[in-house]
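The next block holds one structure in the form of structure tokens; read it before the comments.
The values are calculated or read from the model by the stated rules, or taken from the named source; none is laboratory data. Because the structure is predicted, anything quoted here is derived from the model rather than measured. Heads up, the Cβs are rebuilt from the backbone with ideal geometry, glycines too, and the neighbour counts pull from every protein chain shown. For the accessible areas, the whole protein counts, side chains as well, though only heavy atoms, and no ligand, DNA or RNA atoms are used. Shrake-Rupley method; radii C 1.70, N 1.55, O 1.52, S 1.80 Å.
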Amino acid sequence: MSSIERDVVIIGAGASGLTAATDLKKAGLTVAVLEARDRVGGRLWTDDIDGATLEIGGQWVSPDQDALIDTLAELGLETYSRYREGINVYLGEGGERRTFEGEIFPVAPTTEREIVSLIDRLDALVAEIDPDRPWDHPQAKELDEISFRRWLETQTEDEEARRNIGMFIAGAMLTKPAHAFSALQALLMAASAGSFSHLVDADFILDKRVKGGLQQVPLLLAERLGDDVFLNAPVRTLRWSDEGVTAIADGVEVRARRVILAVPPVLISRISYEPPLPRRQQQMHQHLSMGFVIKVHAVYETPFWREDGLSGTAFSPYELVHEAYDNSYHGDPRGTLVGFVSDEAADDVFRQSPEERKARILESLSHYYGEKALSPVVYYESDWGSEEWTRGAYAASFDMGGLARYGSDLRTPVGPVHFSCSDMAGRGYQHVDGAIRVGHETADAIIASLAP
Ligand code: FAD
């Protein structure tokens, strides 16, 4: 066991921890980043699977994500646009296939009016929410007591409108069923992206990708930090007092003046604290849980859907794969589709054998794109639920009532212990932008607290 001393020890080499470490080092402080895995990046992971470059974790960049966009520019990384020419596909309740352009699904005129009206009402509510302080909204407590599903039921009797609007936050973002999180949590999700309209606009929220993959961000940040990043170093114990901390990881022990827990909040309790964290933190962290989604990649010899005039963008609140896109990798002449199977649907297919699951998922893709979707040359399902150092996807959110009750304390430091993660962000919540934003803010707070 080697023992070292630093000003700040950072636990977790995801985008958040590495951003904080970079800022602290720039400010003249010494750092050590302890990472449990044998790679940096956490939920950013670009890999070669059977000859195809795939983003197993986060990949898209939207125009409002200026913290991420600044980091990309600073690291010299280039972006490219998601392919989106042509028409989109929507499947109705009976499986009927309809094509459309724009954001509003091709539904009956009455349902369309309800969807437009719901979006307007959500946008108006979201405009009243400060994503960094949703608990300050005058109706925060009431909105946090009602599930998003119940809230939608109070707004419209149109089930298809409710399912579609619900899908944008439940299946597509928080990746939990709409009965499992509050209306306030849903509003935070939308406010963190600027508006609810942004979430329904795939051209906005899923705008750009990074050449070489988004894991380039943590890889390049870690490269600059050099020997200050320790891989295969899961932190098991954290001793802390007003004098400082000792982080004890496999193979290395770091004594420091401050620590940043840059891990998903659901993993905070995996570490033993001496003394234990205060009552508030021990309670609060039990009220956050990870969503769950399978990101499926299917690579084909050609992007065959484009020949049919399809953009690749497809949705249905009734399908196993509730959304799918053209995800062809920059410079690869083959065509790639990415689809998502979320929350209870993901539980359902994980009860089946890998072969049955693959068959069901490809079948679902074929409902959107036709028979050719059944025969990819490369097929890959990400399974973040079985990753010990993540335990779900995309990120963590509060249970009913938790956001109003605990949200304001989520990032409050405890003595020398600071917290930093995308799952604790306001703007950019659950996104890489939020991870970076909170990383900068946490580093600033530590720099200020250590100033002579
Ligand atoms: P993490 O990336 O989770 O980093 C935490 C790190 O801490 C990990 O490396 C972990 O190994 C380490 N760790 C945990 N416990 C310990 C311990 N005890 N000791 C040492 N190390 C520890 N975001 C977008 O912006 N756009 C997208 O398109 C997008 N799509 C996504 C798709 C998927 C499938 C997933 C999973 C996520 C997606 N996201 C997306 C979300 C985005 O990837 C995350 O919000 C972001 O990467 C989180 O960064 P982080 O640093 O806060 O946390």
Looking at segment 219-241, is at least one residue closer than 27 Å to Trp60 by Cα, of a type in the set (Val, Ile, Thr) and away from the ligand (no atom under 16 Å from the Cβ)?
-> no
Does Tyr379 satisfy the condition of being among the aromatic types (Phe, Trp, Tyr), crowded, with 16+ Cβ neighbours inside 10 Å and over 23 Å from Lys176 (Cβ atoms)?
-> yes
Kindly indicate whether any position in segment 165-178 is part of a helix (DSSP H, G or I), of a type in the set (S, T, N, Q) and open to solvent by less than 10 Å² (accessible area, probe 1.4 Å).
-> no
Any idea which of (1) outside any loop (DSSP other than H, G, I, E, B); (2) more than 16 Å from Asp326 (Cα to Cα); (3) modelled with pLDDT of 95 or more; (4) within 13 Å of the ligand (Cβ to nearest atom) is the one Leu199 doesn't satisfy?
-> (3)
State the number of residues belonging to segment 282-297 that are buried (at least 21 other Cβ atoms within 10 Å of the Cβ) and either part of a helix (DSSP H, G or I) or within 12 Å of the ligand (Cβ to nearest atom) (or both).
-> 9
Condition set open to solvent by 10 Å² or more (accessible area, probe 1.4 Å) and hydrophobic (A, V, I, L, M, F, W, C), scope segment 257-266, selection nearest to the ligand (Cβ to nearest atom): answer is Val263
Complete set of residues in segment 108-138 that are β-branched (Val, Ile, Thr) and open to solvent by 40 Å² or more (accessible area, probe 1.4 Å) | Thr110, Val116
Name the strands (runs of 3 or more DSSP E) wholly within segment 16-87 that hold at least 2 residues that are open to solvent by less than 10 Å² (accessible area, probe 1.4 Å) and within 14 Å of the ligand (Cβ to nearest atom)?
-> 31-34, 52-55
Does segment 304-327 hold any residues that are crowded, with 19+ Cβ neighbours inside 10 Å and out of contact with any helix residue (DSSP H, G or I) (no Cβ under 9 Å at 6 or more places or on another chain), and which are they?
-> Asn327
Evaluation of Ala247 against (1) near the ligand (Cβ under 9 Å from one of its atoms); (2) among the aliphatic types (A, V, I, L, M); (3) assigned to a strand (DSSP E or B); (4) farther than 13 Å from Ala36 by Cβ (one fails), failing number | (4)
Conditions (1) more than 10 Å from the ligand (Cβ to nearest atom); (2) among the basic types (Lys, Arg); (3) under 16 Å from Leu288 (Cβ atoms) -> Arg391 fails only (1)
Determine, yes or no, whether Glu157 is farther than 25 Å from Asp203 by Cβ, assigned to a loop (DSSP other than H, G, I, E, B), open to solvent by 30 Å² or more (accessible area, probe 1.4 Å) and modelled with pLDDT of 95 or more.
-> yes
Of all residues in segment 223-253 being at positive phi and touching a residue at least 24 places away in the same chain (Cβ under 8 Å), which is surrounded by the most Cβ atoms within 10 Å (Cβ to Cβ)?
-> Gly244
Mind listing whichever residues of segment 405-421 are open to solvent by less than 10 Å² (accessible area, probe 1.4 Å) and under 18 Å from Ile11 (Cβ atoms)?
-> Pro416, Val417, Phe419, Ser420, Cys421
Here the residues within segment 341-356 that are buried (at least 22 other Cβ atoms within 10 Å of the Cβ) and under 14 Å from Tyr379 (Cα atoms) are none
